[in-house]
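**Student:** Before anything else, here's the structure in question.
Each value in this text was obtained by applying a stated rule to the coordinates, not by laboratory testing. Keep in mind the model is a prediction, meaning the values are calculated, not measured. As a convention, Cβ positions derive from the backbone with ideal geometry for all residues, glycine included, and neighbour counts pool all protein chains shown.
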Amino acid sequence: MKFIQVVEQSGDIEEARAEIEGYFESTGDDSKVKKLTLCTDRDAPGKILSIVEFESWDTASDNNDLEATQEGAAKEQATSAVTYRNLDAHHEWIR
């Protein structure tokens, strides 16, 4: 079952983009992320949401064990309040 994690935090979108690009550079082929969409909330300036898609909860757990993932999460939590939503995708419609 596809697993989606939504990460919500406050900050600068360009800094978030640079951090994500650095993360993917450091993890290379080890990252288990299938898709990541970086968003801002139109109704809450400065609010950033990352929608991160994985093949399954198991692959997300494997990704969580990567050193770069642990370091990135610690840095995020040290600089702003971060909220994680862990979602099992039951159905998906693509048009």
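**Student:** Among T27, G72, I4, which residue has its Cα positioned farthest towards the positive end of the charge dipole of the chain, with +1 placed on the Cβ of Lys and Arg, -1 on the Cβ of Asp and Glu, and the dipole taken about the Cα centre?
**Tutor:** Of T27, G72, I4, it is I4.
**Student:** Shifting gears a bit: Would you mind counting up the charge near F54? Only other residues with Cβ under 12 Å from its Cβ, with Lys and Arg at +1 and Asp and Glu at -1.
**Tutor:** Result for the neighbourhood of F54: -1.
**Student:** Right, next: Anyone know which of T69, T37, T27 comes out most mobile in the 10 Å Cα GNM of the chain?
**Tutor:** Top of the fluctuation ranking is T37.
**Student:** Which helices pass in the chain if a helix is a full DSSP H run, must span at least 24 angstrom along its long axis by Cα, and must have mean Kyte-Doolittle hydropathy not below 1.6?
**Tutor:** Helices meeting the criterion: none.
**Student:** Okay, moving on. Could you give the dipole magnitude of the chain about its Cα centre, charging the beta-carbon of Lys and Arg +1 and that of Asp and Glu -1, in debye to the nearest 20?
**Tutor:** Computed about the Cα centre, the dipole is about 460 debye.
**Student:** Further question: Taking the chain on its own, what percent of its Cα-Cα pair distances exceed 21 Å?
**Tutor:** Cα-Cα pairs of the chain separated by over 21 Å account for 31 percent.
**Student:** Grab the DSSP H runs of the chain that are 4 residues or longer, score each as -39,500 (n - 2.57), total them, divide by all residues and round the 222 nm result to the nearest 500 deg cm²/dmol.
**Tutor:** -12000 deg cm²/dmol
**Student:** At what distance in nm do the modelled label points of V6 and L36 sit from each other, each positioned 7 Å from its Cα along Cα→Cβ?
**Tutor:** Result for the modelled spin labels: 1.9 nm.
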